Amino acid sequence: MEEFAAAHWLKDYPGNCSQIHGHTWKTEVTLVGDQLDELGMLVDFRDVRRILRGIVGKFDHCLLNDIEPFDSVNPTAENLARFIYEEVKTSFPQLRVKSVQVWESSTACAGYGENDA
């Protein structure tokens, strides 16, 4: 899990979230695979954290609406989860990214993952 602090606002939202506000976002990734290494690990958590830090680090203490792709799509938790999912997927091609969860508070999160085929 990695955290970052960032502000955003939601275009065309009919409520308070249309105004700029911030969260301490938490991101969680679930990876799945068929093969463990000689140590009994699917993947080293340090590698997962390093990759995740590289993905979300560019958002830390920024206005998400100013950063691609959120300059053209609403920076919802759902869109953040999808973006992070796609980035993690390219970083671990040997594994399946089961899901990415993005928490904007301790009681509200959104996830993104692909259905099993």
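Tabulated data
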{"item": "Which listed residue, of 58, 98, is closer than 16 Å to residue 8 by Cα, surrounded by fewer than 16 Cβ atoms within 10 Å (Cβ to Cβ) and of a type in the set (Lys, Arg)", "result": "58"}
{"item": "Candidate set from region 1-30 (those that are of a type in the set (Phe, Trp, Tyr) and not in a strand (DSSP E or B)); member that is modelled with the highest pLDDT", "result": "9"}
{"item": "Matching option when the condition is over 15 Å from the mean Cα position of the chain (by Cα), exposed (fewer than 15 other Cβ atoms within 10 Å of the Cβ) and of a type outside the set (Lys, Arg), among 107, 90", "result": "107"}
{"item": "Selection count where residues are outside any helix (DSSP H, G or I) and not polar (S, T, N, Q), scope region 43-74", "result": "12"}
{"item": "Matching residues, region 1-31, being of a type in the set (A, V, I, L, M), under 18 Å from residue 88 (Cα atoms) and surrounded by 13 or more Cβ atoms within 10 Å (Cβ to Cβ)", "result": "29, 31"}
{"item": "Candidate set from region 65-78 (those that are more than 14 Å from residue 26 (Cβ to Cβ) and crowded, with 18+ Cβ neighbours inside 10 Å); member that is farthest from the chain's Cα centre (by Cα)", "result": "65"}
{"item": "Any hit, region 76-94, residues being assigned to a strand (DSSP E or B), in contact with a Leu (Cβ under 9 Å, 6 or more places away or on another chain) and under 14 Å from residue 2 (Cβ atoms)", "result": "no"}
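The values are calculated or read from the model by the stated rules, or taken from the named source; none is laboratory data. All figures in this text were calculated on a predicted structure; none of them were measured in a lab. All Cβ positions, glycine included, derive from the backbone under ideal geometry; neighbour counts span all protein chains shown.
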